[in-house]
1. Mind giving me the nanometre distance, one decimal, between the label points for Ser250 and Ile272, set 7 Å out from Cα along Cα→Cβ?
2. Using Cβ counts within 10 Å as a stand-in for footprinting exposure, how do Ser39, Ser671, Ser71 rank, fewest first?
3. Calculate one ³J(HN,Hα) per residue across region 584-597 by plugging θ = phi - 60° into the Karplus curve 6.51 cos²θ - 1.76 cosθ + 1.60, and present them in order as whole Hz with x for glycine and proline.
4. Using 0.36 nm times the number of residues separating Lys293 and Arg617, minus their current alpha carbon distance, what extension gain do you get?
5. If you line up the long axis of helix 753-762 against the longest principal axis of the chain, both from Cα atoms, how many degrees apart are they, to the nearest 10?
6. Net charge within 9 Å of Glu132 by Cβ-Cβ distance, Lys/Arg positive one each and Asp/Glu negative one each, not counting Glu132 itself?
7. Which FRET efficiency, nearest 0.05, do Glu362 and Lys446 yield, Cβ-Cβ r, R0 41 Å?
8. For the chain, what is the mean residue ellipticity at 222 nm derived from helices alone (per DSSP H run of n ≥ 4: -39500 (n - 2.57); sum divided by total residues; nearest 500 deg cm²/dmol)?
Amino acid sequence: MAELKFTNLDNLSFQGIEEDSELIPLLTPEDEEEMNNESLPEILPILPLRNTVLFPGVVIPITAGRDKSISLIKEANQGSKTIGVVSQKDEKTENPGINDINTLGTVARILRVLQMPDGNTTVIIQGKKRFEIAEVLTEKPYMTATIREANEIRPDQNNEEFGAIIDSIKDLAYKIIKDNPNIPSEATFAIKNIQSNSFLINFVSSNLNLSVQEKQKLLEIADLQERALATLRYMNLELQKLELKNDIQSKVRHDMDQQQREYFLHQQMKTIQEELGGVSYEEEVEEMRKKAKKKKWGKKVREHFEKELAKMQRMNPQVAEYSIQRNYLDLILELPWNEYSKDKFDLKRAQKILDRDHYGLEDVKRRIIEYLAVLKLRNDMKSPILCLYGPPGVGKTSLGKSIAEALGREYVRMSLGGLRDEAEIRGHRKTYIGAMPGRIVQNIRKAGTSNPVFILDEIDKLGNSHQGDPSSAMLEVLDPEQNNDFYDNFLEMGYDLSKVMFIATANNLSTIQPALRDRMEIINVTGYTIEEKVEIAKRHLLPKQLKEHGLTNKDLKIGKPQLEKIVEGYTRESGVRTLEKQIAKMVRYAAKNIATEEAYNVRVTNADIEKVLGPPRMERDKYENNEVAGVVTGLAWTSVGGDILFIEAILSKGKGTLNITGNLGKVMKESATIAMEYIKSNAESFGIDPNVFDRYNVHIHVPEGATPKDGPSAGITMLTSLVSLFTQRKVKKSIAMTGEITLRGKVLPVGGIKEKILAAKRARIKEIILCEDNRKDVEEIKPEYLKGLKFHYVKDMSEVIAIALTKQKVKNAKKL
């Protein structure tokens, strides 16, 4: 139940009148019976009320402010003291007519008229009966109308349901009075003393915290039992609101008490810290201000820092935002604004460092020296974004350290593999709990300079999730035209990254977003030849492993022939990572013998290698000089470099079906189908009987079925295998091929030529068949890589067959 707030028809609060038991009588059943039997006059003056509804039996005070209302009250008070009271539909209406008021109201009796000190007239009225306006007679000087009584339907005295509703209303009224601090506890006695059920309903309805429209609807309900039910529903809602309000206030009060207690304790702790010589919050702010004076930042950054520092001073140190703000200011102070390390332009020294740390990689070294040369001449240059692309283990990441040393810059490495959250690049907004700057800004802070060599490792492994696209966030980082004002969400300011030398590494360019790839200069870091691997093992890998295992070069010696045996027999990769693992095994073998004081060969022999590493496991890399028709050696590109593969084909009696196995992808299966159809259409030119295709089934297989294989490089290899099978002519010794074909027999160029050539050399291949359009790719490769190889450049499939197949048939050739 709401606080008894009586408002008048002029929207003025009634205040200053004390309750008077004579003015607010509690109706007895006898009084109610007398009131119900009283007859109503036919014509009544009508008093519109702005924002309240009068119920029968209820006493309310109202304040009159309109001239019409004051005139009506004066004349009625001098006459019969009986008026008709109705509520307005809209309280803002100043001069209501018949269409602006509700037609159902309550006949009221004027109990007392008071003149207030402020000049207003206050009248206390009591409701009698409900009535309806039949017809408006006059509107001046006030509204009068003919009325008719609106009868009420009253339940029987023995109605148990109505009795239960009345009891529920009383119980809820007691609970509301108890829970609402704004209602005086004396109201409980008033409820208890009400003997009339209808007056109880009207009294409660009048004092509910409802709108005028809702109270008017209650008044218009003729059936008293239905009105009681509606009142009960409103009381239930009000009780729920009160309970919720009290719960919220209780929680807020508890939280405020807890905060005050914590603040008091922290103030005590602050005093204790100062007594013990600790640092107070004021001293922290002063220390930050001193650091700021030493920074080399511009006017814009300085003004922003001062503004944020003043904001922190206004904060309560106990709130959670204080620590975030302090971390933010620490970040601004620790970032190396306009602090750059001095570049070293000694190009000969830089070349020596690059040669010392990396064997081979001439293209990369040349590009770095070119960059240093331009930087030396201009002394101001936006750093290019280099992307070292190649298989794992070829030294892409370690190359960054050498570049940093050659330039005299700080070295920073950031791994991007599996990174899925855009906030890792751009940072979180300060409004979040646990907000942090992005890893770009964090690493710049760690480097201590604004021009480090920044390695973005595994940029092709960037992920994508519901938390954003990190690849798109990297676009601004890796654009020399935009990264001079890189925006970090936590920093909330632009930071200049244009002097940073970004070097990205990738194993697969196809997974890099095209827009991101366009911003980088791709430098291909291909695999090493056997000779290069041996040299790398001798110069770098063996000394490194000896040092890591606590040995010297006097404890173990591995000659070039033995290193070559390890490379050929135990590694199968473009890089040298597996090679280093095998060398580490040899070093551990020596370390164990030294620790256990057992004899061993300091100079490693081939027998020692097989004893420690086991039998050579990579012989399948070697060329298989098979005397069987239908076996051809192909060249393939993999994520770990080039490789060779063997394509086999056999015939079996049947109806001419084509079976393809070996875990092949869609492209390779299509290549096999194209090769088969091309042979059928050109059978006579190959000397093949066309009837063979209907009498024999063909089965093509690529060994190592557990390894998925796909790509456009095996077309000519499959066609050569099938022609060899149908003609029973064997393939020439030590020859391999790569290329795609069309249905017309045209040979198409393919990629990964350098990796495939290196794989061919590892497999002791002597001749390679390539498309004529791949000649330019071979010409770009160093001559030492091509030593011992003979290349055949072809345009048509007939040329491939002429070069690859011998004229003689294999022994025990099948008769088709």
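Values in this text are rule-based calculations from the coordinates and carry no lab data. No experiment lies behind these values; they were computed from the predicted model shown. Neighbour counts run over all protein chains shown; Cβ positions are idealised from the backbone, glycine included.
1. About 3.3 nm separates the two model spin labels.
2. Numbers: Ser39 7, Ser671 26, Ser71 15.
Placing the least packed residue first, the sequence is Ser39, Ser71, Ser671.
3. Using θ = phi - 60°, the values come out as 4, 5, 5, 5, 5, 4, 5, 4, 5, 5, 5, 5, 8, 6 Hz.
4. On the way: separation 324, 0.36 × 324 = 116.64 nm, distance 6.57 nm.
Length gained between Lys293 and Arg617: 110.1 nm.
5. Once rounded, the angle reads 50 degrees.
6. Values: positive: Arg130, Arg148; negative: Glu149.
Residues close to Glu132 contribute a combined charge of +1.
7. On the way: r = 32 Å, r/R0 = 0.79.
Result of the calculation: an efficiency of 0.80.
8. Numbers: 29 runs with 343 residues, N = 816.
That calculation yields -13000 deg cm²/dmol at 222 nm.
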